[in-house]
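The values are calculated or read from the model by the stated rules, or taken from the named source; none is laboratory data. Note that the structure is predicted; figures quoted are calculated from it, not measured. Here Cβ is always computed from backbone atoms with ideal geometry, including for glycine, and neighbour counts include all displayed protein chains.
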Amino acid sequence: MGLMGRGLDWVFGDGRNVVAETAGIFRENAEAAARREAGMKDAALAQLAEEFARPRAGLFDRLIDGLNRLPRPLLAFGTLGLFGAAMVDPIWFASRMEGIQLVPEPLWWLMGAIVSFYFGARHQAKGQDFQRSVAETMARAGTVARNVERLERMAAPPAPANPALEDWRREHG
């Protein structure tokens with residue numbers, strides 16, 4: 001037994017686990033990796049939330065935001081107005097549509113490009129606002145998860161008693 005004890009002390013001696021330490025060289029510690037990854041995610045989300053946290057409250061920004069909101073309703077109401085004009089005065093409407101047929105094709109392409117760029121830029125601005133709100137939400141996700149975990153632990157019922165263990169405790173009390 002002394003020889004085996006010395007051999008085991010050599011492998012696992014002094015409270016160390018040489019096998020686990022050696023394996024740690026070849027395989028990453030999953031728990032430490034998860035902690036590092038969570039820290040990196042938290043830092044990245046905090047940076048993203050900070051980047052989009054600047055409010056735009058100046059007079060110029062409010063004026064431009066107001067002007068940016070006009071084209072869509074004007075296009076929608078203008079189209080509905082054309083339908084109304086076609087019903088009220090078909091001759092007037094038909095003469096205007098004949099005039100539109102005289103617009104050269106490159107001008108139609110130019111108008112299409114301008115409208116596409118306008119709505120594309122608007123879509124991008126709204127997308128960035130959405131990303132900012134997602135980043136703010138994700139920055140709070142860790143705190144919310146920890147709070148939910150604490151609440152679940154408080155609401156969890158006590159572990160069921162082991163009848164065999166209770167009998168043993170009574171006998172050896």
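The single residue among Val103, Val148 that is at pLDDT 85 or above, more than 30 Å from Gly39 (Cα to Cα) and exposed (fewer than 11 other Cβ atoms within 10 Å of the Cβ) turns out to be Val103. The conditions of being exposed (fewer than 10 other Cβ atoms within 10 Å of the Cβ) and under 30 Å from Asp61 (Cα atoms) are met by Pro73.
Considering the stretch 141-173, the residues that are among the polar types (S, T, N, Q) and part of a helix (DSSP H, G or I) include one that is nearest to Ala53 (Cα to Cα), namely Thr143.
Among residues of the stretch 117-133 that are within 18 Å of Leu45 (Cβ to Cβ), those with a beta-carbon under 6 Å from a residue that is surrounded by 11 or more Cβ atoms within 10 Å (Cβ to Cβ) at least six positions away or on a different chain give the pairs Arg132/Phe52.
Mind checking whether some residue in the stretch 123-136 is acidic (Asp, Glu), out of contact with any Gly (no Cβ under 6 Å at 6 or more places or on another chain) and surrounded by 10 or more Cβ atoms within 10 Å (Cβ to Cβ)? Within the stretch 123-136 (the criterion being acidic (Asp, Glu), out of contact with any Gly (no Cβ under 6 Å at 6 or more places or on another chain) and surrounded by 10 or more Cβ atoms within 10 Å (Cβ to Cβ)), the answer is yes, since at least one residue qualifies. Of the listed requirements (1) loosely packed, with under 10 Cβ neighbours inside 10 Å; (2) over 30 Å from Leu45 (Cβ atoms), Asn162 misses just one: (1).
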